[in-house]
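The values are calculated or read from the model by the stated rules, or taken from the named source; none is laboratory data. These figures come from a predicted structure and were not determined experimentally. Cβ coordinates were reconstructed from backbone atoms using ideal geometry, including for glycine residues, and neighbour counts include every protein chain displayed. In case anyone asks, the SASA skips ligands and DNA or RNA and just uses the protein heavy atoms, side chains included. Shrake-Rupley method; radii C 1.70, N 1.55, O 1.52, S 1.80 Å.
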Amino acid sequence: GIQVEQSPPDLILQEGANSTLRCNFSDSVNNLQWFHQNPWGQLINLFYIPSGTKQNGRLSATTVATERYSLLYISSSQTTDSGVYFCAVEGVRDDKIIFGKGTRLHILP
Amino acid sequence: GAGVSQTPSNKVTEKGKYVELRCDPISGHTALYWYRQSLGQGPEFLIYFQGTGAADDSGLPNDRFFAVRPEGSVSTLKIQRTERGDSAVYLCASSLASGGGQETQYFGPGTRLLVL
């Protein structure tokens with residue numbers, strides 16, 4: 001099945017810093033989503049982005065489907081951005097949604 | 001309600017017992033997904049429903065796990081003869097559809113299952 005790798009696994013930043021999170025996938029995808037899991041375990045959808053670029057406030061994402069990667073950008077980080085960021089993909093060969101192992105982000109005040 | 005709800009929020013059971021976990025998706029969402037998340041890991045796909053039918057159940061780990069969605073809305077995940085290794089957070093998600101750009105998934109808060 002499709003493989004999803006996220007990097008870095010852990011990231012510690014000062015409040016106000018910018019960050020880039022990466023998601024690589026091993027096969028063509030029908031869809032790709034970025035999620036934020038807060039410290040209480042709730043998963044929130046950030047972007048549905050199988051290709052192209054989207055922006056929502058301080059967050060933006062770009063997926064280059066032909067090169068099989070997606071990037072999530074967080075600008076002017078706030079402590080509430082802390083948590084785990086997951087990339088999830090649906091490969092073209094089946095209906096499963098496969099999650100990466102996540103990037104654990106900790107923003108220091 | 002406005003979001004996906006799951007009950008119970010926590011479940012403690014003994015090894016060998018039977019448990020049922022319930023998911024109420026967002027009204028009108030035809031696609032429903034079950035996942036299992038262990039500590040420090042990403043959610044692991046279990047089963048996906050499109051309407052009443054299981055479109056893909058290849059993620060169910062063995063025949064002790066079964067899920068139903070008889071009326072195309074509420075779903076129940078059933079685990080027989082529970083084992084300690086079944087302890088995890090069980091997450092449910094729903095989406096408006098499974099194609100045409102409507103696949104954005106909305107997750108419930110999860111059921112934390114502990115098998116003693």
Any hit, the stretch B:95-112, residues being more than 11 Å from the chain's Cα centre (by Cα), in a strand (DSSP E or B) and surrounded by fewer than 18 Cβ atoms within 10 Å (Cβ to Cβ): yes
Hits in the stretch B:58-71 - residues which are of a type in the set (D, E, K, R) and either buried (at least 16 other Cβ atoms within 10 Å of the Cβ) or under 13 Å from residue B:86 (Cβ atoms) (or both): B:64, B:69
Strands (runs of 3 or more DSSP E) enclosed by the stretch A:28-89 - at least 3 residues per element that are away from every other protein chain (no Cβ under 12 Å): A:52-56, A:59-64, A:69-74
Residues of the stretch B:1-51 classified as assigned to a loop (DSSP other than H, G, I, E, B) and among the aliphatic types (A, V, I, L, M), total: 4
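Can we say residue B:40 is within 13 Å of chain A (Cβ to nearest Cβ), open to solvent by 30 Å² or more (accessible area, probe 1.4 Å) and over 23 Å from residue A:6 (Cβ atoms)?
Answer is no for this residue.
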Matching entry among B:47, B:79 (being open to solvent by less than 60 Å² (accessible area, probe 1.4 Å), touching a helix residue (DSSP H, G or I) at 6+ places or on another chain (Cβ under 7 Å) and closer than 24 Å to residue B:17 by Cα): B:79
Filter pass, residue B:27 being surrounded by fewer than 19 Cβ atoms within 10 Å (Cβ to Cβ) and either at pLDDT 95 or above or within 27 Å of residue A:48 (Cα to Cα) (or both): yes
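Does residue A:92 fit the bill of being among the β-branched types (Val, Ile, Thr), in contact (Cβ under 8 Å) with a residue 12 or more places away in the chain and surrounded by 14 or more Cβ atoms within 10 Å (Cβ to Cβ)?
So residue A:92 does not fit the description; no.
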Odd one out for residue B:40 among (1) over 27 Å from residue A:50 (Cβ atoms); (2) of a type outside the set (A, V, I, L, M, F, W, C); (3) modelled with pLDDT of 95 or more: (3)
Neighbours by Cβ (under 8 Å, 6+ apart or cross-chain): first from the stretch B:52-74, modelled with pLDDT of 95 or more and in a loop (DSSP other than H, G, I, E, B); second among the aromatic types (Phe, Trp, Tyr) and open to solvent by less than 50 Å² (accessible area, probe 1.4 Å): B:69/B:49
Matching residues, the stretch A:96-106, being facing chain B (nearest Cβ under 7 Å) and surrounded by 17 or more Cβ atoms within 10 Å (Cβ to Cβ): A:96, A:97, A:98, A:99, A:100, A:102
Residue A:15 being open to solvent by 60 Å² or more (accessible area, probe 1.4 Å), touching a Cys at 6+ places or on another chain (Cβ under 8 Å) and either of a type in the set (A, V, I, L, M, F, W, C) or touching a residue at least 40 places away in the same chain (Cβ under 8 Å) (or both): no
